[in-house]
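The values are calculated or read from the model by the stated rules, or taken from the named source; none is laboratory data. None of the values given here were measured: they were computed from a predicted structure. Neighbour counts are summed over all protein chains in view; Cβ atoms, including those assigned to glycine, are modelled from backbone coordinates with ideal geometry.
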Amino acid sequence: MDKLTQMLRIEDVTEKLNVSQKSVRRYIHSGKLKSKKIGGVYRIEESDLQNFLNSNELQSKEDKSLINIPPKSKKTDNVNWIDISENWDNPKESNLTSADLFCGAGGMAKGFEIAGFNQLCGMDWFKEAAMTYKHNFSHPLIEGDITDPEVKSEFIDTIKKQLNGKPLTVLSGGFPCQGFSMSGSRIVEDERNSLYKDMLEIINELKPEFVVAENVKGLRSMLGGMVEDKIVKDIGNMGYRVNVTVLNSADYYVPQKRERYIAIAKKKQNKKLRRGRKITN
């Protein structure tokens, strides 16, 4: 047996410590748990794991001291985690529907499709990405600039025609992030930063039950968090309850450390009481 097969994988460490893969990766990235990256995969020697345990660094099941809190921010992300692995690994046919703005080559669309959603339409202006999208999906793709009223109307009309009066379950969109990125100039007036406003117009027209928005982590720190606050407020004013957080793709079986800002908005429901009064969630 060679040395590589004797070394532990992250999955092995999670079983031994009874913690999540997210916790183990945080221990590694913080330097508290020594590891070696072999072929793009982290491997841990038994002796290094034992040294980690002996150092009393393992404070709790989800060591809160290692969680990356955005700098100069007192915000606490309100995320209600549930285990969807059973449904995710074995999706069933459903009546759930989804549509995708700024769809690119279709990464978001493929995720919803795998989860059992009926994807209705995508939209993007990038020709080469559109070629890939059309190759991998059979549903319509609207090619064009979202700021063009005719393109926007074509996207909305295409979805409404397929829904035939039924509600849209999810509208997702990874609106362009160059102006928000930590690697860019982060110019607040960058016209690409306002494209989410075009997304708001489409949300207002289609009124999906859920909205999923994705962007770079740097969005959170722009103007001390004021940019994020405005986006959350704008979507909230349209009748949605919005939760945001930063997720790392490495925590979800992707061989890449890629942190992304995720906002999930759920439409508030009006409940009619027997006496005719209404209360809003």
ask   = Would a scan of the stretch 77-91 turn up a residue that is buried (at least 16 other Cβ atoms within 10 Å of the Cβ), modelled with pLDDT under 95 and of a type in the set (Asp, Glu)?
value = no
query = Restricting the search to the stretch 145-162, which residues are in a helix (DSSP H, G or I) and surrounded by fewer than 15 Cβ atoms within 10 Å (Cβ to Cβ)?
reply = 149, 150, 153, 157, 161
ask   = Hey, among 232, 242, 227, 246, which residue is assigned to a helix (DSSP H, G or I) and at pLDDT 85 or above?
value = 232
ask   = In the stretch 113-144, what residues are buried (at least 22 other Cβ atoms within 10 Å of the Cβ) and not in a strand (DSSP E or B)?
value = 133
message = Looking only at the stretch 158-216, count every residue that is in contact with a Lys or Arg (Cβ under 8 Å, 6 or more places away or on another chain), of a type in the set (Asp, Glu) and at pLDDT below 95 and tell me the total.
response = 3
